[in-house]
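Some notes on the structure that comes next.
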Amino acid sequence: MTKNPMNVEEFRKLPEQGSLDPNRIRTMQNNIKSDFRDKRTVEQMVSDLKSGKLKPENIKAIAVAEINGKVYTLDHRRLVAHRLAGRPVSFKKATPQEIKKSLTNRKMTTKDDGQSIEIK
């Protein structure tokens with residue numbers, strides 16, 4: 001669940017990359033698959049983050065973008081895993097090309113303005 005969503009002014013002040021609270025970033029999608037492409041599950045990543053086996057800084061940064069005046073992730077499973085693990089997430093500001101590709105491929109499916117997301 002998104003808590004105290006980051007506003008555009010805050011986003012614009014962020015560096016190009018860094019670390020942030022995953023609970024403050026909206027999700028574009030209303031649901032995600034439970035498996036990553038490598039067949040690892042979101043639950044496994046959560047467990048590895050909580051145990052320290054996996055460090056947030058060793059995971060590929062999520063892309064974050066300003067879309068329609070709000071701040072969204074383009075990388076939902078990694079964001080959700082960090083939320084559930086209670087760990088900060090590495091981010092990078094998305095390029096215009098990444099934003100365009102994401103909007104074309106995934107579409108904006110959120111039904112509650114990016115506040116919640118379901119794991120299927």
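Bear in mind that the values in this text are calculations on the coordinates, not laboratory data. A quick note: this is a predicted structure, and the numbers were derived from the prediction, not measured. FYI the Cβ positions are ideal-geometry reconstructions off the backbone, even for glycines, and counts take in every protein chain you see.
Backbone amide hydrogens, once placed in the peptide plane, bring VAL71 within less than 5 Å of ARG26, excluding anything fewer than 5 places away on its chain. Between helix 76-85 and the chain, what is the angle of the helix's C-alpha long axis to the longest principal axis, kept within 0 to 90° and rounded to the nearest 10? Computed tilt is about 60 degrees. Quick note on the chain: its Rg to Rh ratio, both from C-alpha atoms and Rh being the Kirkwood radius, is 0.93.
Past 27 Å, Cα to Cα, is the threshold; run LYS3/LYS39; LYS50/LYS70; LYS13/LYS33; LYS3/LYS120; LYS53/LYS101 against it and keep the listed order. Beyond 27 Å: LYS3/LYS39; LYS50/LYS70; LYS13/LYS33; LYS53/LYS101.
Mean residue ellipticity, 222 nm, helices only, the chain: the sum of -39500 (n - 2.57) across DSSP H runs of n ≥ 4, divided by residue count and rounded to 500, is -8500 deg cm²/dmol. Counting only DSSP beta bridges whose two residues both lie in the stretch 8-112, roughly 65 percent are antiparallel. Compared with the alpha-carbon gap, the fully stretched path from THR104 to LYS120 is longer by 3.6 nm at 0.36 nm per residue. Placing a label point 7 Å from the Cα of ASP112 along the Cα-to-Cβ direction, the residues of the stretch 1-26 with a backbone N closer than 19 Å are 1-7, 22-26.
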